[in-house]
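The values are calculated or read from the model by the stated rules, or taken from the named source; none is laboratory data. Source: prediction; values computed, not measured. Cβ sites come from the backbone with ideal geometry, for glycine too, and all protein chains shown count toward neighbours. Accessible surface areas use protein heavy atoms only, side chains included; no ligands, DNA or RNA. Shrake-Rupley method; radii C 1.70, N 1.55, O 1.52, S 1.80 Å.
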Amino acid sequence: WWIYSKPVPADGRELWTLFLQCSCITAVIGGLFYNWMFASLEYSWHLSVAMAISFSLLLLLTLLLVHPARCVFSMIMPTLGTKQGRKLLFSTCIMIAVVNITPNIISNIKTILQLIKCTCKNSSDSLLNSTALLEKVSWEFGDAVQESVPSLYKPMNGHFRFSLLQNSSLIYQKMHLAGEKISREFLSVEVLVKDSIRVANRLAAGFSMLYLCFESTWYLKNYLTNLRFDNFYITKKLERLAVDRKAAHLLVGSSKKLIRPTGLKLSWEEVVLCLMQAMLVTVALMLMLVVVAMDHFAFSVADTAVRRAAQFSVVPITLNIKYKVEIRIVPFIFQLLPGPSKELLLGDFNRTYHHHLVFSSAHCRISPPTPPNPSVLLVIGLLFCILYATVFLETYARRLCRKIAASFFQSWEEERVLYLYRKLSRRH
C-alpha cells in the first residue's frame, strides 16, 4: 500500500511492484465488468468482451501513470457501500426481477389464456355436436307424430331441420384467429415491457457508475481544497500533535464533537441519515415484494384453474320427451253428463336421450403452471440484506475514504490536522 499510494516510485523495484499491483487490479475489474455487462445488463458477448478489454487497458494506464486517479479508484471501493452502491444493487434487483420473475408471471397468465381457449373450443365443439342429437330427436319425434295422428289430420311434415352444423368450420376458424390475435398482442406487450425495462436499467446502471466516479472525485477535490471538509476525527496524528504540545485536554473536552475514525460511535446527524436511508430501502423492498406477490398470485390462479378445469371436464345433459295421442270413445255431448269416459290410446312416445358437454380434452396443449423460483427469492433477499447493511455501513465507508485520501496525500493531511488543532485551541 505504501508503494501504491506514493506519487512517484523511487526505483525500478517499486515501479515493477506498482505495475503488478495495477495489472492484478485491472484483470479482476475487467472480469467483473464483463460479467456485469453480459449477465446483468444483457449486452451481446462480443460487445461485452470488447468493452471489458478496452476498459481494462485504459484503467491500467490510468492507474499506472496518474497518482490522483489511483486515489479516486481506491475510494470507489468503499463508496460502493454508500447510496451510489445501493443504486447499483437496486439496478441488479430490478434486472433479476425482469429476467426471472416477470417471465414467470407472463407464463402463468399464458397458461390461463390457453385454458380459456381450450375450454371455449371444446365447449363450442360439444355444443355443436349436441345439434346432431337434437336432429336425431326431431326426426324420431316427427316419425312418431306421423304414425300416431290419423291420416285426415296428419301434418305434411313433422320433422325439424338443423343447419348449424354447416357453420362449424367457420366458428373454429374465427376462434383460431381470435386466439392468434390475442397471443400476438400479448407477445408484443411482453417484448415491449422487457425491452423498456432493459434499456432503463442499462441507463440507470451507466449513470450510477459515472456518478460513483464523480462522487469519489468530488470527495477528493473537497479534501484537497477545503480544510474544514470532513475534518472532525481524532486521528493518531492529532493525538501526537496534542501530546507534543502538552494539550491532550483539548481532545478530552471536545469528545462530544469529535469522533474516532476507527470507533463504532455515530453522531446524531449520522444516525438520522441512516434512518432516512433505511426508510427508502424499505419502500423499495415493499415494491419488490409486490412483484413477488404478483408472481405467487399468478401461479396460484393458474394452478387452481387447471385443477378445477380437470375436475369440471364433463357436464351430463338429459333430454326427456313424452308424447301421447288419445281418442275419446264417448261422444262429446255425453261428456257433459257425469260418469267415466273411455279413451283409446293411439300412440305413446316416451324416450330419454343423453349427451355430455365436454369442457376440456386430453388433446389440448396446456403448459403446466410455473411455480416461483425459490433461488430468485433467495438472491433478492440476500441483496436487500446487503442493502440494509450498507445503510449502516455508509458512515464507516466515508471514514475509510478519508483514510485512503490521507494515505495518498500525507503532507496535506498534516495541514488538515494542524488546522483542526488550531480550531480546538481557539474554542478552548
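Treat region 1-65 as a sphere of radius equal to its Kirkwood radius over Cα pairs and apply Stokes-Einstein at 37 °C in a medium of 0.692 mPa s; give the translational diffusion coefficient in µm²/s, rounded to a whole number. Spell out each step's value before the answer.
Values: Rh = 12.7 Å.
The Stokes-Einstein estimate is 258 µm²/s.
At a Förster distance of 56 Å, what's the computed FRET efficiency of Val314 paired with Leu57, Cβ-Cβ distance as r, to 0.05? Please list the in-between numbers first.
On the way: r = 70 Å, r/R0 = 1.25.
With R0 = 56 Å, the Cβ-Cβ based efficiency is 0.20.
Take the Cα radius of gyration of region 1-149 and divide it by 2.2 N^0.38 Å, with N its residue count; two decimals is plenty.
Numbers: Rg = 35.3 Å, N = 149, 2.2 N^0.38 = 14.7 Å.
Output field value: 2.40.
Going through the cross-link list Lys87/Lys403; Lys246/Lys423; Lys6/Lys403; Lys117/Lys174; Lys136/Lys174; Lys246/Lys403, which pairs have a Cα-Cα distance over 19 Å in this structure? List each step's numbers first, then the result.
Details: Lys87/Lys403 24 Å; Lys246/Lys423 16 Å; Lys6/Lys403 14 Å; Lys117/Lys174 12 Å; Lys136/Lys174 28 Å; Lys246/Lys403 25 Å.
Going by Cα-Cα distance, Lys87/Lys403; Lys136/Lys174; Lys246/Lys403 fall outside the 19 Å limit.
Ordering Phe408, Phe73 by how much accessible area each has at a 1.4 Å probe, largest first, what is the list?
On the way: Phe408 10, Phe73 30 Å².
These residues rank, largest area first, as Phe73, Phe408.
What aspartates and glutamates does Lys221 reach when the alpha-carbon gap must be under 18 Å and sequence neighbours fewer than 8 apart in one chain are set aside?
Asp230, Glu413, Glu414, Glu415
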